[in-house]
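Presented below is the structure to which this report refers.
Readers should treat all values here as calculations from the given coordinates under stated rules, not as data from a laboratory. Note that this is a predicted model, so its numbers are computed, not measured. Cβ: placed from backbone, ideal geometry, glycine included. Neighbour counts: every protein chain shown.
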There are 2 protein chains.
Amino acid sequence: MSFQGVLVPVLTPFKANLKPDAEKFAALCRAILDQGAGGLAVFGTTSEANSLSAEERMGLLEVLIGSGIPAARLMPGTGACALPEAIRTTGHAVSLGCGGVLLLPPFYYKGVSDDGIYAFVDGLIQGVGSSDLRVYLYHIPPVAQVGYSVDLVGRLHGAHPGTVVGLKDSSGDWSNTAALLAAYPDMEIFPGSEVFLLDALRAGGAGCITATANMNVPMIAASYATWRDDGADDRQAAITRIRETVQGTAPMVPLMKAYLALKTGDPGWATVRPPMVPVTEAVARELDAKLAVLGYQFPGI
Amino acid sequence: MSFQGVLVPVLTPFKANLKPDAEKFAALCRAILDQGAGGLAVFGTTSEANSLSAEERMGLLEVLIGSGIPAARLMPGTGACALPEAIRTTGHAVSLGCGGVLLLPPFYYKGVSDDGIYAFVDGLIQGVGSSDLRVYLYHIPPVAQVGYSVDLVGRLHGAHPGTVVGLKDSSGDWSNTAALLAAYPDMEIFPGSEVFLLDALRAGGAGCITATANMNVPMIAASYATWRDDGADDRQAAITRIRETVQGTAPMVPLMKAYLALKTGDPGWATVRPPMVPVTEAVARELDAKLAVLGYQFPGI
């Protein structure tokens, strides 16, 4: 497997003028890898990737690799509504040696057919035209509304078995993840939350790609590393409680950013781009108090 | 009013290699203006605008204006999920002298607050920084899922009365259009379908912006021009029947493209970009037969 373990859709820090803060971004990426992440799924939903222009995403990717982050550990999001943009950013990621790309389907038009999404992904693969391309399909119907059906995943994998190699399932529906794991055992399937980590690993999953890992790689990575050992269910329960606590407190992206601001003492972390709105320090303190009870420790940046 | 009457979200023709066919696009725009359209809302949902990159849209806009289409009659769609992209394409349209822009809200993240969308539009206006900018809000919740609430429209118009001057309501919900017309009589409000044209005009609306005008400007423009005259309800009923016939036959964008291919004898018109899928000539012939019964005549390109 080219990716395994805990992959992190890294938060994208912004300066006060709302431009991306590349230096702070590289520091977080480095810390997350040092804490045991298996890879960096930068430019995901949690990264506010769709609030970044294609140029900004490509520029940040170059900074990361230039700063010494191994390209093979990077799985940048390169999906877009427009096929030429997806071809451009995907080709750029491949040219930099990225281990894979995480591909949203085109998400503007709703009610599109599997044939239309198939044509998009097929056109992308032909447009990039590189045997180095590894596509991980990004299925997140609660946000994108448009998704990859189990049948469509099989069609794409069957047509491009060496290229369409994996999938992130952020449906939040374990029965969908289980169906994918059963149907395509040679694909690298990642649930989109650590809540399903142990279930996924027991069914042949590759790990998980999860927002909360921005602040909790050590515990999730330990659960991954020891999933066959005694006490695995208890460790899973512990990371599930933390996830549910974060999720239940406020919208996750601004909340985790406010939390990083609180714990690092750098208020700049709290900045989000519209249409997201920031949460207050008081909410971050509320989360901190809840997490303390659960034995959580901030791993630092 | 800077725009009034029938505005057309012009279909975007593609070559066999899926690149936009700028020459054919300019010809259709010219024909639609000659047939009596009040303006061209290019790069709308019907135009497959979100299947075009920002560069492609800007390039096509330059071709249109270079070919002699009056910039003042153009209301290009410049919405995007990423604020920098929306600022770039909106600033470009303003620099070319476009009469307005039609602004989708950022549509990736769902369940965002009015405050977040307000910050996006406000940031756009500040980012463009031109007193020549005229923003028409594009409300199309069936597709974008994210929309402009009646309250948010008032906040934006109140904060920027000379800039946020109008709205296209593609909610398909007449009660929403009626509420907007009643609340903001000094805004230019356009329903997103000719089905609501007469109702909107009687309530102070500015006209309509409608997909079907790609093939039916003459009848809709005549209904607009004579809405205070005897027989207005009959003329409205006739254009409504045509709209409902098109809408009930197949997905409208590929259907109208296939219909243009059939009626012009140029099969290239039928090409769509993924994720849309083309419809067959047989379906276009089926539409043609239905329309003939309704007394419809293709106005040509």
Separation between Cα centres of the stretch B:161-212 and the stretch B:70-127, rounded to whole Å | 19 Å
For A:265-275, mean number of other protein chain Cβ atoms within 10 Å = 4
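Partner chain Cβ atoms within 10 Å, averaged over the residues of B:100-108 - can you pull that number for me?
3
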According to the square roots a ≥ b ≥ c of the eigenvalues of the Cα gyration tensor, what is the shape class of the stretch B:1-101, taking rounded for a/c under 1.5, prolate for a/b larger than b/c otherwise, and oblate for the remainder?
-> oblate
The answer for trypsin sites (Lys or Arg not before Pro) in the stretch A:104-161 that fall in a DSSP coil and have at most 13 neighbouring Cβ atoms within 10 Å is A:Lys110
How far apart are the A:Asp234 label points across copies, placing each 7 Å from Cα toward Cβ, in nm, shortest first?
-> 8.5
Can you pull the one-decimal nm distance between simple spin-label points at B:Trp174 and A:Ser175, each 7 Å off the Cα toward Cβ?
-> 4.0 nm
Sort shortest first the distances from B:Gly158 to its counterpart in every other copy, using label points 7 Å along the Cα-to-beta-carbon line, and give them in nm.
-> 5.8
Listed residues B:Ala26, B:Ser131, B:Leu167: farthest to the positive end of the dipole of the stretch B:5-228 (Cβ charges) | B:Ala26
Please give the direction-averaged projected area of the C-alpha convex hull for chain A, in square nanometres with one decimal.
-> 14.0 nm²
Along Cα-to-Cβ, 7 Å out, sits the label point; list in nm, shortest first, how far the one on B:Gln247 is from those in the other copies.
-> 3.8
Chain A, rotation onto B, residue closest to that axis via Cβ, with its distance in Å = A:Gln145, 3
Considering only the stretch B:5-228, what is the antiparallel percent among its DSSP beta bridges, to the nearest 5?
-> 5 percent
Cα→Cβ-extended label distance, 7 Å offset, between A:Asp288 and A:Glu55, nm | 3.9 nm
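Could you work out the mean count of beta carbons from other protein chains within 10 Å of each residue's beta carbon in B:42-52?
Working: counts 0, 0, 0, 2, 0, 0, 4, 3, 7, 10, 5.
The mean count of partner-chain Cβ atoms within 10 Å per residue comes to 3.
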Output the DSSP H helices from chain B with an along-axis C-alpha extent of no less than 15 Å and a mean Kyte-Doolittle hydropathy no less than -0.5.
-> B:22-34, B:54-66, B:83-95, B:114-128, B:213-225, B:252-264, B:281-293
Quick one: of B:Lys168/B:Lys257; A:Lys24/A:Lys110; A:Lys110/B:Lys19, which pairs are farther than 29 Å apart, Cα to Cα?
-> A:Lys24/A:Lys110
